[in-house]
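Read the figures in this text as sums done on the coordinates, not as results from a lab. Fair warning: this is a prediction, and the values are worked out from it, not measured in the lab. Using ideal geometry, Cβ is built from the backbone for each residue, glycine included, and neighbour counts are taken over all protein chains shown.
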Amino acid sequence: MTQRITNPRDLKALQEKVKSEIDLRSGPKDLRITVHMGTCGIAAGARDILTALMHELGAAKVENVSLQQTGCAGLCDQEPMLTLTDKAGGSFRYGRLDKNKVGEIVRDHVLRGQPVLEYLIKA
Amino acid sequence: MREIALHILDLIENSVRAQATIIMVAIEALPEQDLLRIVIEDNGTGMKAPPETVLDPFYTTKQGKKTGLGLSLFRAAAEATGGRLTIGKSELGPVGVRVTVEMGLTHIDRNPLGDLGSSLAAVVCTNPQVDFRFRLSGGQQACDLRVWDLAAQQGTDLRDGLALGRLVLEAINTQLQACRVLT
């Protein structure tokens, strides 16, 4: 039976419980890869970039990376793109990607720590 | 967009941005009515404007942007097949949103469903904290799939977005093969 919330203390307790469950499911990782999936990104092929990342990271048995999605970053002509954030807080934004470029980024940047300068979006 | 699955992905992205913790996607083919019905609903923070406003391609709530094309593109795709897109309230939450899209199933201008497995896997993989519930039905086949239940059956860690994504990709593709009218 569903527990009824009858006072603010119960509500606060429920909030804490749910937050701890969410934290448990999305724990910290060394690298964060964010794929930009606004309408522009999706139309340009962001889903295929994310699928390629899933396969490449799975094949390489990488466990220290979390995959995230976000909306349009305002650089629609550079889509599909991703942002890789490392443990030190360094942020690397790659643009105009395809499956092959994703493979290179996983091999060189994720596994060896060497950014693929050729695909970085120039400021 | 060339695939219905990409429109669905775009609308789920809206739900995620509205901080939904439950997102339901139902795709139903009704051959006897020549209808393909897609329902996406959530328990998020709701829409900040009435439906006729959010369907305007020049309306958006995102700062720094002047267009919001997702809903209007999906509506255009539906209307091209003699169908429609409607926005209503979802019972999943107090201000939850339900988007219903109806399309002509065999209409020559209907886009293919496309790679639905990859679209749903993409959102599950990047949002493991969301309770995703999918329903696929077509012809005599129907399948309900709750990602957290599937993960529990398979012993998959709910923190592992990548593993959840792969699980969903396989499960959806298997179900799509069973529902042959969903193409």
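Table for the structure above
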read-out: Coarse-grained scattering of the range B:4-178 at q = 0.12, 0.17 Å⁻¹, given as base-10 log I(q)/I(0) from a Debye sum over alpha-carbon atoms; value: -0.55, -1.09
read-out: Length-normalised contact order for chain A - Cα pairs under 8 Å, 6+ apart - percent; value: 26
read-out: Unpartnered cysteines - no second Cys beta carbon under 4.7 Å - across chain A; value: A:C72
read-out: Low-density loop cleavage sites - trypsin sites (Lys or Arg not before Pro) in the range A:54-110, where at most 13 other Cβ are within 10 Å (DSSP); value: A:K61, A:K87
read-out: Whether the protein assembly as shown is rounded, prolate or oblate, judged on the alpha carbon gyration tensor where a/c under 1.5 counts as rounded; value: rounded
read-out: Relative contact order %, chain B, counting alpha carbon pairs below 8 Å whose residues are six or more apart; value: 25
read-out: Reachable aspartates and glutamates from A:K17, criterion Cα separation under 19 angstrom, eight or more residues apart if same chain; value: B:D131, B:D157
read-out: Euclidean distance between Cα centres, the range A:61-100 to the range B:82-104, Å; value: 31
read-out: Whole-Å semi-axes of the range A:4-117's equivalent ellipsoid (Cα gyration tensor); value: 32, 18, 12
read-out: Reach of B:K62 by Cα under 17 Å, taken over aspartates and glutamates that are not fewer than 8 positions away in the same chain; value: B:D10, B:E13
read-out: Percent of beta bridges antiparallel (DSSP, the range B:4-178, rounded to nearest 5); value: 75
read-out: Gaussian network model of chain A, Cα within-10 Å springs - most flexible of A:I42, A:I33, A:I105; value: A:I42
